[in-house]
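Undergrad: This is the structure, below, for whatever I ask next.
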Amino acid sequence: MHKLILKPGREKSLKRRHPWIFSGGIAKVEGKPQLGDSVEVYSADDAFLAVAAYSPESQIRARVWDWTMRSIDAGFFEQRIAHAAAARNGFDVSGVRLVHGESDGLPGVVADRFGDTVVVQLLSAGAERWRGAIADALAALPGVQRVIERSDADVRQLEGLPPQSGLLRGSAAQGPLTVTEHGLQYGVDTEHGHKTGFYLDQRDNRLLLRGMVKDKIVLDCFCYAGGFALNALAGGASAVTAIDSSGPALAAAQANAARNKLVSDDSNMEWIEADVFQSLRKFRDEGRKFDVIVLDPPKFAPTAAHAEKAARAYKDINLIGFKLLNPGGALMTYSCSGGVSPDLFQKIIAGAALDAGVDARIERWLHAAADHPVALNFPEGEYLKGLLLRVGV
Ligand code: SAH
């Protein structure tokens, strides 16, 4: 077995069960581990700490699989995946996250289930090394007919891995794939859609929005497939505007609105293909106002190193967002940046409200749905955080 020996004192985060080992903390590598091979991790004073997957090119040089085992095999993935799936037993399999990376003890593995189809992302060297075992374990779950891979995220490059997508197990689906959420149906494009095809993490927050928009004017920024916009229509909003810079995303959103018969000819629904940063400025200059605004941008800060630049971007859209609100209006604002902590996010939003000259209160902290758990002691986790704010009358 290959061995990875840490520098003195560098075992502290591992002892707190933080699953990443950075290249700077490593004193010595014994043996010649290749991409994704398992390594035993030892402290400087030779105490065994964990078994981890080695990634020779990444700054995150190893990711922990387990804290007590010395080696892993295909059975390890069978067990972890069965365990992760069992933890989602109460969820509707129409759309559920089965595996959420580090938080399910499977760094670099993300798997969403849409009915009989599982879409998996293998994003780390270790996940890549065990792709067969992971695919087999997902395919073996009751009711699963096929496993589709969408390992085409940018983070693969940092691991020295090429993008890869396509059918991994089973045969291609006959008809189009859909997900039903709170009674609304959405198409899931597993080939060209973002990530696994649909953002399941906002499930609870979309329903929350539905309950607060009756007769309100709603703006959904970064709408993707229209999750928030459709819920606004379903909740009786008097007018809904949705913006995304991606043409295909907007086309999918419009198809979803039609699929659910939510828009008629004299529609109060406006779809805008544009950059949100520019659209918000345009609305401000035109004096347009809204009662409820949703800001659900893509991650601006993949890591803490990007936090400052990301903070400026978050502040920018939230500041203008506040200015576009009618008195008594609500802002639902999110960040999914791993590099921006909930604490920092609140500070950014507070700064935006101050500069916008509005008096805003937090009505609720918003989180990802419970099938997206967060590992304790893992602040880098890319999890959704959000705030529902109400401005003064
Ligand atoms: N709210 C969505 C998920 C948003 S994902 C849901 O509930 O499903 C982020 C979206 O932002 C993507 O669809 C992406 O195309 C879009 N996007 C990224 N940068 C943008 C920009 N500058 N202006 C407008 N849209 C942008």
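Undergrad: If A258 satisfies every condition in (1) within 15 Å of the ligand (Cβ to nearest atom); (2) not in a loop (DSSP other than H, G, I, E, B) but one, which is the exception?
TA: Every condition holds for A258 apart from (1).
Undergrad: Considering E159, E149, which residue is modelled with pLDDT of 95 or more, surrounded by 13 or more Cβ atoms within 10 Å (Cβ to Cβ) and of a type in the set (D, E, K, R)?
TA: None of the other options fit; the residue is E149.
Undergrad: Something else: Against the definition (assigned to a strand (DSSP E or B), buried (at least 19 other Cβ atoms within 10 Å of the Cβ) and touching a Leu at 6+ places or on another chain (Cβ under 6 Å)), how does V41 come out, yes or no?
TA: yes
Undergrad: Turning to a different aspect of this structure: State which residue pairs qualify: first residue at negative phi and inside segment 43-59, second residue part of a loop (DSSP other than H, G, I, E, B) and among the hydroxyl-bearing types (S, T, Y) in any location, beta carbons under 7 Å apart, and separation of 6 or more residues or different chains.
TA: As it stands, the answer is L49/S43; V51/S71; A53/S124; S55/S124, since those pairs meet every condition given.
Undergrad: Still on this structure: Scan segment 25-53 for residues that are within 21 Å of D73 (Cα to Cα) and of a type in the set (S, T, N, Q) and jot them down.
TA: Q34, S38
So that you can scan it fast, the table gives a plain yes or no per residue for (1) on the phi < 0 side of the Ramachandran plot; (2) away from the ligand (no atom under 15 Å from the Cβ); (3) out of contact with any Pro (no Cβ under 8 Å at 6 or more places or on another chain):
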{"site": "A301", "(1), (2), (3)": "yes, no, yes"}
{"site": "A310", "(1), (2), (3)": "yes, no, yes"}
{"site": "L325", "(1), (2), (3)": "yes, yes, yes"}
{"site": "G328", "(1), (2), (3)": "no, yes, yes"}
{"site": "A360", "(1), (2), (3)": "yes, yes, yes"}
{"site": "W365", "(1), (2), (3)": "yes, yes, no"}
{"site": "A370", "(1), (2), (3)": "yes, yes, yes"}
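Undergrad: If I ask for residues that are at pLDDT 95 or above and either more than 12 Å from the ligand (Cβ to nearest atom) or among the aromatic types (F, W, Y) (or both), which ones from segment 191-206 would you list?
TA: Once the filter is applied, which keeps residues that are at pLDDT 95 or above and either more than 12 Å from the ligand (Cβ to nearest atom) or among the aromatic types (F, W, Y) (or both), segment 191-206 yields F198, Y199.
Undergrad: Moving on. Go through segment 207-223 residue by residue and tally those that are at positive phi and within 12 Å of the ligand (Cβ to nearest atom).
TA: 1
Undergrad: Please determine, by comparing only the residues of segment 291-316 that are touching a residue at least 60 places away in the same chain (Cβ under 8 Å) and crowded, with 20+ Cβ neighbours inside 10 Å, which one is nearest to V393 (Cα to Cα).
TA: D291
Undergrad: Does F290 satisfy the criteria of being of a type in the set (F, W, Y) and more than 14 Å from the ligand (Cβ to nearest atom)?
TA: yes
Undergrad: Moving on to the next point. Can you tell me which residues in segment 224-255 are within 7 Å of the ligand (Cβ to nearest atom), closer than 17 Å to F290 by Cα and outside any helix (DSSP H, G or I)?
TA: Once the filter is applied, which keeps residues that are within 7 Å of the ligand (Cβ to nearest atom), closer than 17 Å to F290 by Cα and outside any helix (DSSP H, G or I), segment 224-255 yields only I243.
Undergrad: How many residues, within segment 52-69, are surrounded by 22 or more Cβ atoms within 10 Å (Cβ to Cβ) and touching an Asp or Glu at 6+ places or on another chain (Cβ under 6 Å)?
TA: Summing the residues that are surrounded by 22 or more Cβ atoms within 10 Å (Cβ to Cβ) and touching an Asp or Glu at 6+ places or on another chain (Cβ under 6 Å) in segment 52-69 gives 2.
Undergrad: Additional query: Of all residues in segment 240-271 being polar (S, T, N, Q) and at pLDDT 95 or above, which is surrounded by the most Cβ atoms within 10 Å (Cβ to Cβ)?
TA: Restricting to residues being polar (S, T, N, Q) and at pLDDT 95 or above, the top hit is T241.
Undergrad: Here's a follow-up. If the Cβ limit is 8 Å and pairs must be 6+ apart or interchain, which residue in segment 1-26 that is part of a strand (DSSP E or B) pairs with which residue that is surrounded by fewer than 16 Cβ atoms within 10 Å (Cβ to Cβ) and of a type in the set (A, V, I, L, M, F, W, C)?
TA: I5/A27; I5/A44; L6/A27; L6/A44
Undergrad: List the strands (runs of 3 or more DSSP E) that sit entirely inside segment 92-182 and contain at least 3 residues that are under 14 Å from I81 (Cβ atoms) and touching a Lys or Arg at 6+ places or on another chain (Cβ under 8 Å).
TA: Filter on segment 92-182 gives 96-100, 109-114, 117-122.
The values are calculated or read from the model by the stated rules, or taken from the named source; none is laboratory data. Remember, it's a predicted structure, so these values are computed and weren't measured experimentally. Positions of Cβ are backbone-derived with ideal geometry, glycine not excepted, and every protein chain shown enters the neighbour counts.
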